[in-house]
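Structure first, commentary second.
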Amino acid sequence: MIMIFLILSGLSILFISGVPALFFSSSSEKGHYVTVFLVVLGSITGCIGTAFSFATDIPPTLIISWTIPLGNFAVAVDKLSAFFLIPVFIIPALGSIYSLGYWKQKEHTANGQKLGFFFGTLAGSMALIVIAHDGILFLIAWESMALSAFFCLTTEDHKKEIRDAGFVYFVCTHIGTLILFIMFILWNSTTGSFILTQTQTLSKQTTGIIFIFAFIGFSFKAGFIPFHVWLPDAHANAPSHVSAVMSAVVLKMGIYGIIRFSGLLMVSEPWWGIVLLCVGAITGLSGIVFAFSQTDFKRILAYSSIENIGIIGMGIGLALLGRSYAKPELVILGMGGAFFHVLNHSFFKALLFFNSGAVIHATGTQNIELMGGLAKKMPFSAFMFIIGAVAISALPPLNGFVSEWLLYLGFFKSIEPSTTSNITLIALAAVVLAMIGTLALATFVKMYSIVFLGSPRSEMKNHSHAPALSMKIPMFVLAGFCIITGILPVLVTPLLDGAISAWTAYNPDSLVISKLIPLHFITATGLLLIAIVIIIIVLYKKASTPYKTIKGITWDCGYTKPTPRMQYTGTSFAQIITQLFSFILLPKISKTSQLQHFPEKTHFHYTVADLILSRLVYPVLYFIRKLFFRMYIFQQGQPNLYVLYIIVMVLLLFIFGGIGVDL
Amino acid sequence: MNEFINVLFVIILILNLFALGNSRILTIIRIVALQGIILGALPLFIEHHITIPLLISSVAAIILKGFVIPLIMMKALRDAQIKREVEPLIGLLPSTIFGGLVTALVFFISSQVETTNQPEVSLLIPTSFATILIGFILLITRYKAISQVLGYLVLENGIYIFSLLLIEAIPMVVEMGMLLDLFVSIFIISIITNHINKAFSSLDTRNLSSLKE
């Protein structure tokens, strides 16, 4: 019981963390410090509670009846909830510390306090979502999260593009919530209550329908294609620590929903897993292809989040298939990979977003085509970016590798001779995963080389400075997490095993991850790799000391008049692959049609808009809007006419009521 | 007694038609005030046992509908410095005829419908519906804001007549609440009318169409 109270008090502190700051002057930093202190305090309290709840086997439950109609205030912390509480408590606390340097109250007097307030409610409501044991409480927390996230991302609401991004987010999140309403109504009518407990008595049709509604509703938050339309703009336009929390934790709430409800619905059919596997594969692949073609620092990261969500979805799909075909190894490896990737992605994506904030703060632009050569001015950011990039590209020895390795092993398990033939096709997913990994690597090579290497491509704001200490600490902590969980996955696997056992009771052989794969091998290889890198660096230093180093311009190469514009740009770097995938990217290219004999002024413009948003959602919505323009004839602006409408309506009601038509 | 009540209902109906056929706004205010006084007194005649609460609500209705609201309206009229509704959507005579037709139609329909109420108030339901519809006609055909307020008052009177059916069922608090609502809304509308007059330098509600998208 103690852990529930710890977690509840932690999340309550998070909820109110922004309140005291409202009483301070809007130009003083004191309130900001109080907010950060409260967020960190709440998170630490919550973390202690979470740690305790990993230690107990019986999930503690607290049910208090309340005066709100329907449902109870019921919370329960099983190991699945506890697992998701880890990023929920860690990332916002780090983001809050980061905001001390990034979003100084002194520089943002108009919106700093508002941001602090909603940042706290965002973190608190996410914690409540994860532990909610009642459908109504879940929906309340869900809506509270959606609104807090809306206000966080529209912090700079005086800018039009931010208001637009906020609007798209607002519409999408509410469509998702509406579908969840339907899902919970179905849940209530089939199980008889809003309490979220495992169901074994439902028919396959019922669970299938509930699952579809849950999947679509939660996909709007998680960002599976085609429900991702809000995601790139929202992430690109929010303050960086908000983007970090959105990408690292808010998206994971959608994943949590899918995992939670696929776990609660015990009766399942194979198509559930196939749907998730296919949607995940499509999401992962197109997400990373879109990421590769973007030129906005944060949009790249946003699309890469979509890609990672796709990978997680593939893991869940594998586990669902394993459950349907009674293959515990697939369940363990698929769900283990998915859970591990949830954790990893929240670490390295938060790291990358924090880093992007530092870079954007220093250069004053989000366009990577205008950056360049930042490694010399911001070595710390460059190093942190390398760590994040290596982790997200799933390269050993960092954590991204371990989670994707689990998934690879799971996919290959499906073609072992002992298995039946009908699931061998799953192994194709390994190919997709490999493609995703390669493209992710290419994306981050592009980013690093364009942003940090070469020489500056434009007159950047000349205060390219090292980030403040409060911005460095969170990045440092996250990089530490990436390295530790990458080299010592043994630390994490017990948590994964706990979460898997809470997800499904199906595990007849009580398998654990460490039995299935040699984890110490990962540790050894990781250490060996690090040792090799260190040896190479040492040898290189030793070999190069006798020689004098001359510093010149990058790409100097004996050319007499090098200019930064001779360098590869991000777009040209990406060109080969974007051309390959032009059938889904559908880029808009505008250039001078013919080159003359004598050079004239020429231009080349290349933009990639989001496929679903610009080619599907907007056209459909514009068409609907055009239809509704015809309704304008009813709006004449004359009160008399409006009264006439009322009387016509009243008379119609009388007539229909009189002849007994049910409206 | 029965005859007398029916006479009162007929007077109300005739006052409706007068309100439709008159162009002087001051006269219409007086007509509506008279209608209000009759309405306020009606429950005293319908009920056999006159109780204190009934008396209070009746007196309150008479004071409010017969004196307070008309005075507010007259003040608004003086402030606005207008005297008549110059060109209504439908002319005065046609709208009077139209009102008469509507009244006849309502009486015809209600004669076809069987009701369970007491025979002594058989005119109550048709009168109430006719008054409501004539209120609507006033609202729709008049352009001056004050005339529309009067239409609203007539409409409210119609609803009040209908509520006489339930006079035993409705507690006095509810009835007082209804009167208070009416008073407050008229009060506010008069203020708004004044502001419309200032903003558009006329009380013609057609000007409000410039507010539409």
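Selection of segment A:195-213 for residues being within 26 Å of the chain's Cα centre (by Cα) and buried (at least 18 other Cβ atoms within 10 Å of the Cβ) yields A:Leu196, A:Ile210, A:Phe211, A:Phe213. Once segment B:47-61 is narrowed to residues that are hydrophobic (A, V, I, L, M, F, W, C) and surrounded by fewer than 18 Cβ atoms within 10 Å (Cβ to Cβ), the residue that is nearest to the chain's Cα centre (by Cα) is B:Val59. If you filter segment A:103-145 down to residues that are part of a helix (DSSP H, G or I) and among the charged types (D, E, K, R), you find that the one that is modelled with the highest pLDDT is A:Glu143. Note on segment A:7-34: among residues that are assigned to a helix (DSSP H, G or I) and β-branched (Val, Ile, Thr), the one that is farthest from A:Glu107 (Cα to Cα) is A:Ile7. The residue that is farthest from A:Arg457 (Cα to Cα), among those in segment A:578-612 that are among the small types (Gly, Ala, Ser) and in a loop (DSSP other than H, G, I, E, B), is A:Ser593.
Which condition number does A:Gly192 fail, the rest of (1) free of Cβ contacts under 8 Å to residues at least 40 places away in the same chain; (2) buried (at least 20 other Cβ atoms within 10 Å of the Cβ) being met? It is condition (2) that A:Gly192 fails. Of the residues making up segment B:151-173, just one is surrounded by 23 or more Cβ atoms within 10 Å (Cβ to Cβ) and over 13 Å from B:Leu39 (Cα atoms), namely B:Gly151. Taken as a whole, the condition of being in a helix (DSSP H, G or I), aromatic (Phe, Trp, Tyr), within 14 Å of chain B (Cβ to nearest Cβ) and within 46 Å of the chain's Cα centre (by Cα) does not apply to A:Phe654. Pairs are defined by a Cβ separation below 6 Å, a sequence spacing of at least 6 or placement on different chains, a first member in segment B:142-163 that is over 19 Å from B:Leu92 (Cα atoms), and a second member that is of a type in the set (S, T, N, Q) and crowded, with 24+ Cβ neighbours inside 10 Å; the pairs so defined are B:Asn157/B:Gln35; B:Asn157/B:Thr131; B:Gly158/B:Thr131; B:Ile161/B:Thr127. In segment B:168-184, of all residues being part of a helix (DSSP H, G or I) and without any contact (Cβ under 8 Å) to a residue 12 or more places away in the chain, the one that is farthest from the other protein chains (Cβ to nearest Cβ) corresponds to B:Val173.
A quick yes/no check of all residues on (1) in contact with a Gly (Cβ under 6 Å, 6 or more places away or on another chain); (2) within 19 Å of B:Leu138 (Cβ to Cβ); (3) touching a residue at least 40 places away in the same chain (Cβ under 8 Å):
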{"residue": "B:Ile11", "(1), (2), (3)": "no, yes, no"}
{"residue": "B:Leu55", "(1), (2), (3)": "no, no, no"}
{"residue": "B:Ile72", "(1), (2), (3)": "no, yes, yes"}
{"residue": "B:Ser95", "(1), (2), (3)": "no, yes, yes"}
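Listed by first and then second residue, the pairs linking a residue in segment B:34-46 that is closer than 11 Å to B:Ile12 by Cβ and among the hydroxyl-bearing types (Ser, Thr, Tyr) to a residue that is part of a helix (DSSP H, G or I) and at pLDDT 90 or above, with Cβ atoms under 8 Å apart and 6 or more places separating them unless they lie on different chains, form an empty list.
In segment A:85-98 there is no residue matching the filter, namely being of a type in the set (Gly, Ala, Ser), surrounded by fewer than 23 Cβ atoms within 10 Å (Cβ to Cβ) and either in contact (Cβ under 8 Å) with a residue 60 or more places away in the chain or part of a helix (DSSP H, G or I) (or both).
Residues considered: A:Gln575, A:Gln636. Of these, the only one that is assigned to a helix (DSSP H, G or I) and out of contact with any Cys (no Cβ under 8 Å at 6 or more places or on another chain) is A:Gln575. Taking segment B:124-167 as the search range and keeping residues that are of a type in the set (A, V, I, L, M) and at the interface with chain A (Cβ under 10 Å from one of its Cβ atoms), which one is farthest from B:Val102 (Cα to Cα)? In this case the residue turns out to be B:Ala145. Of all the residues in segment A:135-149, those that are without any contact (Cβ under 8 Å) to a residue 40 or more places away in the chain and more than 13 Å from A:Met253 (Cα to Cα) number 3.
Screening segment A:382-410 for residues that are hydrophobic (A, V, I, L, M, F, W, C) and assigned to a loop (DSSP other than H, G, I, E, B) and picking the one that is farthest from A:Phe444 (Cα to Cα) gives A:Leu398.
For segment A:477-489, how many residues are without any contact (Cβ under 8 Å) to a residue 60 or more places away in the chain and aromatic (Phe, Trp, Tyr)? Looking only at that region, the number is 0.
For segment A:150-162, the set of residues classified as touching a residue at least 60 places away in the same chain (Cβ under 8 Å) and in a helix (DSSP H, G or I) consists of A:Cys152, A:Leu153, A:Glu161, A:Ile162, listed by residue number.
Tell me whether segment A:619-637 contains one or more residues that are touching a residue at least 12 places away in the same chain (Cβ under 8 Å), at negative phi and either more than 14 Å from every other protein chain (Cβ to nearest Cβ) or exposed (fewer than 10 other Cβ atoms within 10 Å of the Cβ) (or both). The answer is no, given that none of the residues of segment A:619-637 is touching a residue at least 12 places away in the same chain (Cβ under 8 Å), at negative phi and either more than 14 Å from every other protein chain (Cβ to nearest Cβ) or exposed (fewer than 10 other Cβ atoms within 10 Å of the Cβ) (or both). Looking only at residues in segment A:40-96 that are farther than 26 Å from A:Ala244 by Cα and touching a Ser or Thr at 6+ places or on another chain (Cβ under 6 Å), the one that is modelled with the highest pLDDT is A:Ala76. Report yes if some residue within segment A:48-67 is in a helix (DSSP H, G or I), out of contact with any helix residue (DSSP H, G or I) (no Cβ under 8 Å at 6 or more places or on another chain) and more than 17 Å from A:Ile2 (Cβ to Cβ); otherwise report no. Checked segment A:48-67: no residue is in a helix (DSSP H, G or I), out of contact with any helix residue (DSSP H, G or I) (no Cβ under 8 Å at 6 or more places or on another chain) and more than 17 Å from A:Ile2 (Cβ to Cβ). Contact map, segment B:188-213: residues that are more than 13 Å from chain A (Cβ to nearest Cβ) and part of a helix (DSSP H, G or I) paired with residues that are crowded, with 16+ Cβ neighbours inside 10 Å and basic (Lys, Arg), Cβ distance under 8 Å, separation 6+ or inter-chain. No pairs are found.
The values are calculated or read from the model by the stated rules, or taken from the named source; none is laboratory data. Just so you know, these numbers come straight off a predicted model, no measurement behind them. Cβ: placed from backbone, ideal geometry, glycine included. Neighbour counts: every protein chain shown.
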